[in-house]
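Here is the structure we will look at, set down as structure tokens.
The values are calculated or read from the model by the stated rules, or taken from the named source; none is laboratory data. The shown structure was predicted, so the numbers you read here are calculated from the model rather than taken from an experiment. Cβ: placed from backbone, ideal geometry, glycine included. Neighbour counts: every protein chain shown. For the accessible areas, the whole protein counts, side chains as well, though only heavy atoms, and no ligand, DNA or RNA atoms are used. Shrake-Rupley method; radii C 1.70, N 1.55, O 1.52, S 1.80 Å.
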Amino acid sequence: MYYVSCIYENNYDINAIFRGSEMVTESSPIGVFDSGMGGITVLKQLVNLMPNEKYIFYGDSANAPYGKKSSDTVRKLTMSTAAKLYEMGCKCLVVACNTATSVAINVLRDTYRDIPVIGIEPALKPAVLANEGGHILVLATNTTLHEEKFNTLMNRYESKARISTLAAPGIVEFVENGITCGTQLEEYIADILSPYQEDVPNAIVLGCTHFPFVADTIKKVIGNQVTLYDGGKGTAASTHNKLDEYLLSSREPSAGDTEITFCNSDPDPAKTLLMKQFFDSYVCP
Ligand code: DGL
């Protein structure tokens, strides 16, 4: 159970909710953001782990997909969203987007030194450790795969497994339109995964937070024997640890509803409703 209120970027009164970073306390909300709906898969893991916290989730659906934009543009959009959540008095920022983390995590941490800033990265480490010597396929956006951050991560594990990478930008667009199953999506996924039908990987890393929504379709196409990994749970655990370290964990007991405020840059109320529906229906792996 949780409480939902909706704030649209174009009509919220920033002065009414401004609390200022100096005033953040254990009872301040956690700010979670993504290019759109994807970050909900991380939000759900956060709420599962810390139901006694308050959350503000911001989806930048008006600018999704980030994966098709230049790194510079994604960095600017990310900084702008982070500034909004900071001004809203968030006690920590969770970048629930692999693409935004890849291009902006360092500048975010330099800018917001007084609160924890947690990013997400493709869950390559657990996938490799559980499948040493095997074949791992990383699905992510083009930007994530080409940024230095992912390449450093890949170099670290390359000697332990055969790692292939594949950009799957179309999935983001399906999810942004509320499509997580069906023939069209299945055909798209079958098409991009066709090179791997003969050379089936042992594991697939879902390196974009939109992708866990289509996990069942991916399994349907590639086979149930392939294990899927995503970074949502690990990001929730890191957030929990950081809040403890900064003495910012909520002291509220877990009884009752979790308060979540959903915000979207797209003024269409359907987008906010879709975020809520995704949150309700998503079952954490
Ligand atoms: N959900 C995002 C990620 O984790 C970005 C998807 C996009 O907007 O292209 O990479």
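What to note about this one:
- Exclusive hit being away from the ligand (no atom under 11 Å from the Cβ) and surrounded by 24 or more Cβ atoms within 10 Å (Cβ to Cβ), set T73, T111, T99, T81: T81
- Residue within region 264-282 that is among the β-branched types (V, I, T) and either part of a strand (DSSP E or B) or open to solvent by 30 Å² or more (accessible area, probe 1.4 Å) (or both) present: no
- G170, sole failed condition from (1) open to solvent by 40 Å² or more (accessible area, probe 1.4 Å); (2) within 16 Å of the ligand (Cβ to nearest atom); (3) free of Cβ contacts under 8 Å to residues at least 40 places away in the same chain: (1)
- Entry remark, region 207-242: residues being touching a helix residue (DSSP H, G or I) at 6+ places or on another chain (Cβ under 9 Å) and closer than 19 Å to N177 by Cβ number 9 in total.
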